[in-house]
Each structure stands twice: as C-alpha cells, then as structure tokens.
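The values are calculated or read from the model by the stated rules, or taken from the named source; none is laboratory data. This is a predicted model, so every value here is computed, not measured. Cβ sites come from the backbone with ideal geometry, for glycine too, and all protein chains shown count toward neighbours.
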Amino acid sequence: MPPATSPSRDQDPAPGEAWGRTGGVVLLVEDEHSIGNLVRSYLQKDGYRVVWVRSGEEALIELARHAVRIVLLDIGLPGMDGFEVCRKMRARSSVPIVMLTARDEEPDRVAGLEVGADDYVPKPFSPRELVARMKAILRRSEQNVPDEALTLGTVALKRGAREVTVDGRQVDLTVKEFDLLACLLEHQEIVLSREQLLDQVWGMTYAGGTRTVDVHVAQLRRKLGRPDLIRTMRGSGYKAVRE
Ligand code: CA
C-alpha cells in the first residue's frame, strides 16, 4: 500500500534544515475564526507561541504585553483597519509585520507597503506558504542580531528570538520586562541605578518616575520565579548576581 498522502507533512523541511529558528511569540491579528484557528494551530505545531486577537485595538495592547517576534496582521478588521494598526505599531516598534490581504483590499496600497509592513500575503493562502514567508522575513530581519543566549543561573535570554527561558521553560515577558532583563544580564555583578535603567530601557524621553523600574523588577522576579537573581542594592539600584 502506498503511504497515505499528507500534503503538508510531505513537503515540510527535514528537522534542522535551515529554515531559521522557530519559537518566540507570534502576534496574530485575524477576525476570521477559521483562518485564525488554522494559522494558530500550524504555528503552534511549528514551535511558536501564538497570541491571537480579533481586533487592532487588542493587537496594540498585546504588542506591549509580550516580547513579540513577528506580527501577522489582517487588513479587514472590525474597528481600526489593518493599515491603521500597522502605522500605529510602526510608530512604537520595529517588529516585523506581515499583512494578510483579501483580494479586493486596496491592492495598490498594499503593494506599496507604505504603512511600513515588511511583506504581505494574499488570501487565500496555505498556512505552509504563510509560515515560509514569515520565516524569510525573520531571517532577513534577524540576520544581524547575534543570538547567543545571555545567561544567569538557570535564566537564558535570546535577543533575536526575544525569548526567555528558566530551566528550559519559556517565560512570557512584556517588551519592557524583556529589555530590562536584557540590560541587567548584560551588566552582571554591576550595580545599575534606577536612573540608568530608566534611561537604557525606557529612553530619555520617558516621563514616568523611577518607581516604574521597581514595579518592573518586581514583575520580573515573580515571572522568573528567581527573586534572588536580581538584588536590590539599598539606596543605589539593582544588580544581577551570579549564583
Ligand atoms: Ca478580516
């Protein structure tokens, strides 16, 4: 008996084939249930973590809450459309964005990608095709980012994949928590003042106070489950300490 035809499996690359690293958070913005479901399960099988929202408003909130590696953004959305969402995302982030477009959705504007998207994939698409395009973008956008893990004890952080693990288990961090942890890990055994951390992680233009740093450190300790790794230095700031 001939082997059962399995259209997606047959064409999948062999494990380890250079298709780029998988993993990290994909923010999927798609209001159509069947498409969202299909894409999500395909990506999950491929090792990505998927945050799926149905509107642009939710997408902007989730973009700030997770260390998102790439955004898959439908154009026809209830409320704010995909173009507007893309523009707003671009104003605050350089995360790669792939637009998902229906045939009749302003092809010229999409082709021009004037809103700052990195690529577009016309519907209908096969999930396989979408993931291949997505990986091509990731390869392109991440090729210059060295991705050796920064480690501290059992905590490992990969900048390119924007991925943090503790004992090999993935931890879901917000953008600022991720950047703060990266900054602390880059300066192990060095005391960083709250002002230095604010400057490095939030930027000079940030108007909030140093209390923001304390709140984020507390969140990091809780999420990592390793409060001992980030030590409070009384009156001076914080230090990432090696075990
Ligand atoms: Ca739609």
Failed condition for P227, given (1) over 13 Å from L180 (Cα atoms); (2) without any contact (Cβ under 8 Å) to a residue 24 or more places away in the chain; (3) loosely packed, with under 13 Cβ neighbours inside 10 Å: (3)
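Residue by residue, here is whether (1) in contact with a strand residue (DSSP E or B) (Cβ under 7 Å, 6 or more places away or on another chain); (2) assigned by TED's automatic domain parsing to the domain that holds G160; (3) more than 27 Å from S93 (Cβ to Cβ); (4) among the hydrophobic types (A, V, I, L, M, F, W, C) holds:
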{"site": "E189", "(1), (2), (3), (4)": "yes, yes, yes, no"}
{"site": "G208", "(1), (2), (3), (4)": "no, yes, no, no"}
{"site": "R211", "(1), (2), (3), (4)": "no, yes, no, no"}
{"site": "V215", "(1), (2), (3), (4)": "no, yes, no, yes"}
{"site": "A218", "(1), (2), (3), (4)": "no, yes, no, yes"}
Output the residues belonging to region 26-54 that are assigned to a helix (DSSP H, G or I), within 16 Å of the ligand (Cβ to nearest atom) and either within 16 Å of the chain's Cα centre (by Cα) or hydrophobic (A, V, I, L, M, F, W, C) (or both). I35, L38, V39, R40
Is there any pair with a first residue in region 75-89 that is over 13 Å from D118 (Cα atoms) and a second that is in a helix (DSSP H, G or I) and near the ligand (Cβ under 9 Å from one of its atoms) whose Cβ atoms are under 6 Å apart and which are 6 or more apart or on different chains, and what are they? I75/G82
For region 135-160, name all the residues that are under 22 Å from Q200 (Cβ atoms) and touching a strand residue (DSSP E or B) at 6+ places or on another chain (Cβ under 6 Å). D147, A149, L150, L152, V155, A156, L157
Within region 55-64, restricting attention to residues that are out of contact with any helix residue (DSSP H, G or I) (no Cβ under 8 Å at 6 or more places or on another chain) and at pLDDT below 95, which residue is farthest from the ligand (Cβ to nearest atom)? I61
What is the residue count in region 53-69 for residues that are surrounded by fewer than 19 Cβ atoms within 10 Å (Cβ to Cβ), touching a residue at least 60 places away in the same chain (Cβ under 8 Å) and not hydrophobic (A, V, I, L, M, F, W, C)? 1
